[in-house]
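Encoded as structure tokens, here's the structure I'll be asking about.
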Amino acid sequence: MRIYLLLLLFCYPFFGQTQATNPFAQEVDEIQKKYDTIWDNSKQTIVFTGSSSVRIWHNVQELFPQHQIVNSGFGGSQASDLLLYSNELILRYKPSKVFIYEGDNDISAGKNPKEILTDIQAIIQKIRNQNPSTKVVLISAKPSIARWNLKKDYKRLNRKFKKLSRKDADLLFVDVWKPMLKGRKLMQDIFIEDGLHMNDKGYAIWYEVIKPFVN
């Protein structure tokens, strides 16, 4: 019993560190368990992944009923987190097309666009290594009330995403930034109370913009 307690005390810091190092491990595991029960590997799959703007788009499958959609978004994530979990959240579904929304939290955390782009390119390369014909769609960073003070950084990131897509016929860029503005001003009624995440009106804008890229 004494030996067991000593081992437990010795291992506790390690387990604590592992959990802190991989804060999304439980959420990623839950996503996999969910799709283990409903994903049909005999059908072509489109993956929507990235941070919470994708995660809380709960009706994305209903909006595109003619396609099999996997929504593997995980809240609070950055591009580096998606790179870490790309096998679990993207590659395991052998997608024909992947929509990626990352960069929103990265900019807020103080990362520069070049650093974000490096992670995004690494994700794309992993997808291409599995299947070179997989289409990848980069969803631009969205504007928001809560992070409007960072708009210059987001616009800079979006320009880099767009420039990257011009160099690759199988890499597409969808701009959700401009449609969420009225003139030069941000629409105020498309967000929930936190001023960061969208309500149904906001997602209706996303649907209209993204629909051509799905179909």
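The values are calculated or read from the model by the stated rules, or taken from the named source; none is laboratory data. What you see is a predicted model, and the numbers here were worked out from it, not measured in a lab. Cβ placement follows ideal geometry from the backbone for every residue including glycine, while neighbour counts extend to all protein chains displayed. Just the protein is used for accessible areas: all its heavy atoms, side chains included, with ligands, DNA and RNA removed. Shrake-Rupley method; radii C 1.70, N 1.55, O 1.52, S 1.80 Å.
Given the residues ILE127, ILE192, ILE120, which is the only one that is of a type in the set (A, V, I, L, M, F, W, C), under 22 Å from VAL60 (Cβ atoms) and open to solvent by 60 Å² or more (accessible area, probe 1.4 Å)?
ILE192 is the lone residue from the list that is of a type in the set (A, V, I, L, M, F, W, C), under 22 Å from VAL60 (Cβ atoms) and open to solvent by 60 Å² or more (accessible area, probe 1.4 Å).
When MET198 is evaluated against the numbered criteria (1) buried (at least 18 other Cβ atoms within 10 Å of the Cβ); (2) among the hydrophobic types (A, V, I, L, M, F, W, C); (3) touching a Pro at 6+ places or on another chain (Cβ under 8 Å), which criterion, by number, is the only one it fails?
(3)
While we're on this one: Suppose the filter is among the acidic types (Asp, Glu), in contact with a Ser or Thr (Cβ under 7 Å, 6 or more places away or on another chain) and closer than 23 Å to GLY110 by Cα; does ASP175 pass it?
So ASP175 fits the description; yes.
Here are some conditions: (1) in contact with an Asp or Glu (Cβ under 8 Å, 6 or more places away or on another chain); (2) open to solvent by 10 Å² or more (accessible area, probe 1.4 Å). PHE173 meets all but one. Which one does it not meet?
Answer for PHE173: the failing condition is (1).
If you check SER144 against the conditions, is it in contact with a Gly (Cβ under 7 Å, 6 or more places away or on another chain) and either in a helix (DSSP H, G or I) or farther than 27 Å from GLN68 by Cα (or both)?
yes
Right, something else. Taking ILE127 as the residue in question, decide whether it is at pLDDT 95 or above and in a helix (DSSP H, G or I).
Yes, satisfied.
What's the number of the only condition in (1) part of a loop (DSSP other than H, G, I, E, B); (2) open to solvent by 10 Å² or more (accessible area, probe 1.4 Å); (3) on the phi < 0 side of the Ramachandran plot that GLY110 fails to meet?
Condition not satisfied by GLY110: (3).
Also: I'm trying to understand the selection: among the residues of segment 93-110, which are within 18 Å of GLN61 (Cβ to Cβ) and not small (Gly, Ala, Ser)?
TYR93, LYS94, PRO95, LYS97, VAL98, PHE99, ILE100, TYR101
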